[in-house]
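A short write-up of the structure that comes next.
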Amino acid sequence: MSNLTYLTQEGFRKLKEELEHLKLVERPRITNMIAEARDKGDLSENAEYDAAKDAQGMLEMKIAQMEEQVASCRIIDETKIDSSKVQILSKVKIKNLTNKTTVTYMLVAESEANLKEGKISVNTPIAKALMGKKKGDVVEVTVPSGKMSMEILEISR
C-alpha cells in the first residue's frame, strides 16, 4: 500500500495539471521523437533513438508515480484546522532566540514546499520540531548550521 499524501485543494489541482501536461503534451512529444529517430535508419547505432527511448522510460515512470500520488492523496479542509497547536497547513510565526529574527512559515506537504513563498515541508527538521507545539512554546532544533532555539509567537491557518 502506498503512503498517504496530504495536499491542499490548490496543491491537488497543480498535481493534476502537471500530470495532464505530462500525458497530453510530453508523451506525444517523445513519441514523435522516437518516430523521427526510427525514420533515420539503423536502430542499432542510432543514439537519438536510444535517447528518446530512455526519455520515454523516465517519463512513463514519472507519470506512474504521479498517478499513484493522486490516487493516494487526501485533501485537507483548511477551515477545519485547529490553530491552537502547530500542524500541517498551520502558519507559524517564530522568533529565532539566537539572532532575534522573526519569520513566518506555513507547514505543507513536501510536494507543495516553496521556501520563497514561506512554505516548508512538514518533513524538515524545523517543521518536525514545531509539530504539536503551542503558542509561547520554546523549541530547540538541530539544523545543518547547528542548534537553534525558537519561540512560537503565533499560530494561524
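The values are calculated or read from the model by the stated rules, or taken from the named source; none is laboratory data. Keep in mind that this is a model prediction, so the values were computed, not measured. Here the Cβ positions follow ideal geometry from the backbone for every residue, glycine too, while neighbour counts run over all protein chains shown. These area figures cover heavy atoms from the full protein model, side chains too; ligands, DNA and RNA do not enter into them. Shrake-Rupley method; radii C 1.70, N 1.55, O 1.52, S 1.80 Å.
Just one of Val103, Val139, Val108 is in contact (Cβ under 8 Å) with a residue 12 or more places away in the chain and either open to solvent by 20 Å² or more (accessible area, probe 1.4 Å) or touching a Pro at 6+ places or on another chain (Cβ under 9 Å) (or both); which is it? One residue alone meets the criteria, Val103. The residues in the stretch 15-43 that are farther than 18 Å from Gly57 by Cβ, open to solvent by 40 Å² or more (accessible area, probe 1.4 Å) and touching a residue at least 12 places away in the same chain (Cβ under 8 Å) can be counted, and the count is 2. Any idea which of Leu115, Leu153 is open to solvent by less than 60 Å² (accessible area, probe 1.4 Å) and among the aliphatic types (A, V, I, L, M)? Testing whether each residue is open to solvent by less than 60 Å² (accessible area, probe 1.4 Å) and among the aliphatic types (A, V, I, L, M) leaves just Leu153. Taken over the stretch 87-98, the criterion of being of a type outside the set (A, V, I, L, M, F, W, C) and either open to solvent by less than 30 Å² (accessible area, probe 1.4 Å) or modelled with pLDDT of 90 or more (or both) is satisfied by Ser90, Lys91, Lys93, Lys95, Asn96. Determine whether the stretch 63-85 contains at least one residue that is within 30 Å of Gly146 (Cβ to Cβ), in contact (Cβ under 8 Å) with a residue 60 or more places away in the chain and surrounded by 14 or more Cβ atoms within 10 Å (Cβ to Cβ). Yes, the stretch 63-85 contains at least one residue that is within 30 Å of Gly146 (Cβ to Cβ), in contact (Cβ under 8 Å) with a residue 60 or more places away in the chain and surrounded by 14 or more Cβ atoms within 10 Å (Cβ to Cβ).
Residues in the stretch 52-62 that are open to solvent by less than 60 Å² (accessible area, probe 1.4 Å) and hydrophobic (A, V, I, L, M, F, W, C) were compared, and the one that is modelled with the highest pLDDT is Leu59. From the list Leu59, Leu43, the one residue that fits, being within 22 Å of the chain's Cα centre (by Cα) and farther than 30 Å from Lys128 by Cβ, is Leu59.
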